[in-house]
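Enquirer: Here's a structure for you.
The values are calculated or read from the model by the stated rules, or taken from the named source; none is laboratory data. Owing to the predicted nature of the structure, the values given are computational and were not obtained by experimental measurement. Positions of Cβ are generated from backbone atoms using ideal geometry, with glycine treated the same way; all protein chains shown enter the neighbour counts. Remember, those area values only see protein heavy atoms, side chains included, never the ligands or the DNA or RNA. Shrake-Rupley method; radii C 1.70, N 1.55, O 1.52, S 1.80 Å.
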Amino acid sequence: MIKQPAYGSRNVNDSYYKFEARMIEKMNAVMGDVELTKAEEKTLIWLAGWEESTVDHLVSVIEKVARKRAEDLV
């Protein structure tokens with residue numbers, strides 16, 4: 001699960017912080033309670049600052065992989 005850095009811990013404005021929070025929420029919704037390394041979490045926080053469509057595509061890929069793996073187990 002991705003934990004957003006505390007507000008004020010980085011040089012970002014309020015709008016960016018709110019946007020990033022929404023993107024992290026999208027990613028967390030699809031990943032659930034998956035344990036991440038610090039490096040993985042840092043990368044996903046970085047990705048959360050990209051365009052919303054980028055995050056949406058990443059989430060879509062994660063969902064497709066999860067569905068495929070579930071189908072392969074049956």
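Enquirer: What are the residue pairs meeting all of these: first residue in region 6-25, first residue farther than 13 Å from Ile45 by Cα, second residue assigned to a helix (DSSP H, G or I), Cβ atoms under 7 Å, and 6 or more apart or on different chains?
Expert: That search, which allows pairs on different chains as well, returns Tyr7/Tyr17.
Enquirer: Same structure, new question: What is the one condition in (1) touching a helix residue (DSSP H, G or I) at 6+ places or on another chain (Cβ under 9 Å); (2) open to solvent by 80 Å² or more (accessible area, probe 1.4 Å) that Asn11 does not satisfy?
Expert: Asn11 satisfies every listed condition except (1).
Enquirer: Failed condition for Asp33, given (1) acidic (Asp, Glu); (2) part of a loop (DSSP other than H, G, I, E, B); (3) surrounded by 11 or more Cβ atoms within 10 Å (Cβ to Cβ), with all others met?
Expert: (3)
Enquirer: Additional query: Mind checking whether some residue in region 43-60 is open to solvent by 80 Å² or more (accessible area, probe 1.4 Å), free of Cβ contacts under 8 Å to residues at least 60 places away in the same chain and of a type in the set (A, V, I, L, M, F, W, C)?
Expert: So in region 43-60, the residues open to solvent by 80 Å² or more (accessible area, probe 1.4 Å) come out as 46, 50-51, 57.
Okay, now just the ones that are also free of Cβ contacts under 8 Å to residues at least 60 places away in the same chain, so 46, 50-51, 57.
Imposing the further condition that a residue be of a type in the set (A, V, I, L, M, F, W, C) reduces the set to 46, 50.
So far as region 43-60 goes, yes, one or more of its residues are open to solvent by 80 Å² or more (accessible area, probe 1.4 Å), free of Cβ contacts under 8 Å to residues at least 60 places away in the same chain and of a type in the set (A, V, I, L, M, F, W, C).
Enquirer: Here's another thing I want to ask about it. Take Glu20 and tell me if it is acidic (Asp, Glu), surrounded by 14 or more Cβ atoms within 10 Å (Cβ to Cβ) and either more than 10 Å from the chain's Cα centre (by Cα) or in a helix (DSSP H, G or I) (or both).
Expert: Details: acidic (Asp, Glu): yes; surrounded by 14 or more Cβ atoms within 10 Å (Cβ to Cβ): yes; either more than 10 Å from the chain's Cα centre (by Cα) or in a helix (DSSP H, G or I) (or both): yes.
For Glu20, the condition - acidic (Asp, Glu), surrounded by 14 or more Cβ atoms within 10 Å (Cβ to Cβ) and either more than 10 Å from the chain's Cα centre (by Cα) or in a helix (DSSP H, G or I) (or both) - is met.
Enquirer: Restricting to region 61-74, name every residue that is surrounded by 10 or more Cβ atoms within 10 Å (Cβ to Cβ) and either of a type in the set (A, V, I, L, M, F, W, C) or under 16 Å from Ile24 (Cβ atoms) (or both).
Expert: Passing the criteria: Val61, Ile62, Val65, Ala66.
Enquirer: Using the structure shown, decide if Glu40 is open to solvent by 40 Å² or more (accessible area, probe 1.4 Å), part of a loop (DSSP other than H, G, I, E, B) and either of a type in the set (Asp, Glu) or in contact with a strand residue (DSSP E or B) (Cβ under 8 Å, 6 or more places away or on another chain) (or both). Write out each step before concluding.
Expert: On the way: open to solvent by 40 Å² or more (accessible area, probe 1.4 Å): yes; part of a loop (DSSP other than H, G, I, E, B): no; either of a type in the set (Asp, Glu) or in contact with a strand residue (DSSP E or B) (Cβ under 8 Å, 6 or more places away or on another chain) (or both): yes.
Judged against the criteria, Glu40 is not a match.
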